[in-house]
Amino acid sequence: MFTIDLIIQDYVSTIRTVGLTEFFYLLTSIFDPSIHFILMAVSVSVLIYLFRGYKYSLYFLTAIFSGTVCVYILKILLNVIVTG
């Protein structure tokens, strides 16, 4: 591991709590590109379309898709183990 990795790991271990771990586990589960994530994104997009219009719905889907792709590219580039 690089020095920065060890520094970050040491810091995170000092602020770690059960609630925080569960919160980030939940976020990881929600934003995992699975069928549940896709259904959630499409459902929210439909709601946005109904209340705000096509343009905002498209912005939402673009942001979600771009964010997911960026996270996985960064995980690959930084050699972070992606579990599924």
statement: Residue separation between VAL12 and CYS70 times 0.36 nm, minus their alpha-carbon distance, gives in nm 18.6 nm
Per residue solvent-accessible surface (Å²) - the chain, probe of 1.4 Å: 87 Å²
- prompt: Round to a whole number: what % of the accessible area of segment 1-50 belongs to carbon and sulfur, probe 1.4 Å?
  reply: 74 percent
field: FRET efficiency, TYR49 to THR21 (Cβ-Cβ, R0 41 Å, nearest 0.05)
entry: 0.70
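What does the convex hull of the Cα atoms come to per residue for the chain, in Å³?
Values: hull volume 10.3 nm³, N = 84.
Given the Cα convex hull of the chain, per-residue volume reads 123 Å³.
The values are calculated or read from the model by the stated rules, or taken from the named source; none is laboratory data. A quick note: this is a predicted structure, and the numbers were derived from the prediction, not measured. Reconstructed Cβ throughout: ideal geometry from the backbone, glycine too, with neighbour counts over all protein chains shown. SASA here: full protein model, heavy atoms, side chains in, ligands and nucleic acids out. Shrake-Rupley method; radii C 1.70, N 1.55, O 1.52, S 1.80 Å.
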